[in-house]
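Please treat every number below as a calculation from the coordinates, not as lab data. Computed from a predicted structure; not experimentally measured. Glycine also receives a Cβ, built like all others from the backbone with ideal geometry; neighbour counts cover every protein chain displayed.
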Amino acid sequence: MNDLSTLRSFFARRTGDMLDLLRRLVEMESPSTDKAAVDRVMRFAAERARASGAAVTFVPQERWGDHVLARWGGNEGGFLLLCHLDTVWPVGTLAERPWQVEGDRALGPGVYDDKASAVIVLAALEGLRALSLSPRHPVTVLFNSDEEVGSPSSRALIEAEAARARVVFCIEPARPDGALKVWRKGTGRYVITALGRAAHSGADHERGINAIEELAHQILRLQAMTDYTVGITVNVGWIQGGLRANIVPNQAQIRVDVRVKTMAEWERISSAIGALQPVLPGARLIVEGELNRPPMEESPVTLEPFRRTQEIAAALGLTLTANGTGGASDANFTAAMGVPTLDGLGAIGDGAHSVDEYVLIPSLPERAALLAAMLVAW
Ligand SMILES: [Zn+2]
């Protein structure tokens, strides 16, 4: 572990370079839904990876941005690093909320989720090369383009790479206390449609079947399925229905987000939602939904890599804690496969998906040193 003790000061001296790289990435806006914009930042990251010795492959996509696989060494039995380059912010956000440094904070759209992670990954690999240190096992970095929309086109790729990997490091943001993530809730998504019968609200009110009224009953049932004691939340987050106030509406629709901590809870809640029955005579309900990301349950799959990481961090003089979150990430996929997975290795900060998003600048070199040490000492 002798080499490791110098890593922190080595990366601390590179803070300015890391900040420059972060600024370049933030200033390349890349909302998931804008393929051309995401492709641009993908090409940039690919070039940086290639310059530090990676073999780079693009995985072309029609609808979403192309994914990038950067490999240092072979593709069997190595480290898989996951890092997404898409953001939730539309092009133009930067004009309203430009890149900024305030004291020890860096601000800008996507700075924390997840552009700082790309900086940490690239800096760690570039740093090891500069120090003539080699990762103990082959390294694959998957930069994906569609994480913020549920990874529809990268999921299969993530799972195929994870199946060959020794361990997965998901480089997603850490909260203000820096805790790593050893559990994440799974996410279910539903679209529920009520169908009734239209009628004139004055002349024929009694002949109508009000689809909005039907959904009102269902919404209360759904919301009541929330149980904080076991970590289940059900959120009716979107609603639409009807045409005008003087027509009994024959159609209404809601979108529902469901979060669960365990697969057992998912089985229970999904069968309860699937069993919803209409309340109004003559109304119909169409329930469509699926588990988007399975829960990452707190288990040896996540706790063992955490313990290993804690030991390596201790050699750097860093104390690490672990926690969990209701938000899902691509780590949910790999942990559900039983592949050792550790998440939350990105920068420390707060405010993901909000206008207050920021990164603590000193965490950039610190996390790069940690990742570099993990790749060398694992
Ligand atoms: Zn993210």
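Annotation: the antiparallel percentage among DSSP beta bridges lying fully within the chain is about 75. Only aspartates and glutamates eight or more places from LYS261 in sequence, or on another chain, were considered; those with a Cα closer than 18 Å are ASP227, GLU290, GLU297, GLU298, ASP330, ASP343. When you count the other C-beta atoms within 10 angstrom of each residue and take the mean per peptide, 90-101, 116-127 line up highest first as 116-127, 90-101. Helix 15-26 and the long axis of the chain differ in direction by around 30°, with both axes built from C-alpha atoms. The trypsin sites (Lys or Arg not before Pro) found in segment 220-256 that occupy coil by DSSP, while having at most 14 further C-beta atoms within 10 Å, are ARG244.
Length gained on full extension, GLU288 to ASP20: 91.9 nm, using 0.36 nm per residue less the C-alpha separation.
State the three equivalent ellipsoid semi-axes of the chain, derived from the C-alpha gyration tensor as the square roots of 5 times its eigenvalues, in descending order and whole Å.
44, 22, 18
Remark: relative contact order (the chain) = 24 percent; criterion is Cα-Cα distance under 8 angstrom and separation of 6 or more residues. Excluding residues on the same chain fewer than 8 positions from LYS115, give the lysines whose Cα lies under 26 Å from its Cα. Reachable lysines: LYS35, LYS181, LYS185. The separation of segment 236-297 from segment 306-327, counted between C-alpha centres, amounts to 38 Å. Quick one: if the Förster radius is 30 Å, what FRET efficiency do GLU311 and GLU159 give, using the C-beta to C-beta distance and rounding to 0.05? The calculated FRET efficiency here is 0.60.
Evaluated with a Cβ-only charge set (Lys, Arg +1; Asp, Glu -1), the chain carries a dipole of roughly 420 debye about its Cα centre, given to the nearest 20. With the helix formula -39500 (n - 2.57) applied to DSSP H stretches of n ≥ 4, the chain reaches a computed 222 nm mean residue ellipticity of -10000 deg cm²/dmol. Put in line by how crowded their Cβ is, counting other Cβ atoms within 10 Å and starting with the fewest, TYR112, TYR358 read TYR358, TYR112. Each Lys or Arg adds one and each Asp or Glu takes one away; over the other residues whose Cβ falls under 10 Å from the Cβ of HIS137, this sums to +1. Each of ASP177, ASP204, ASP86 was scored by other Cβ atoms within 10 Å of its Cβ. Listed from fewest to most, they are ASP177, ASP204, ASP86. Between 0 and 90 degrees, the angle of helix 211-223 with respect to the longest Cα principal axis of the chain falls at about 40 degrees. Pairwise Cα separations in segment 186-293 fall into 10 Å bins from 0 onward with the following percentages, short to long: 15, 44, 25, 12, 4, 0. In whole Å, what is the distance between the alpha-carbon centres of segment 184-218 and segment 38-86? Going from one Cα centre to the other spans 46 Å. Between the listed residues GLY242, ILE171, VAL111, the Cα displaced farthest toward the positive end of the dipole of the chain, a dipole computed from Cβ unit charges relative to the Cα centre, is found at ILE171.
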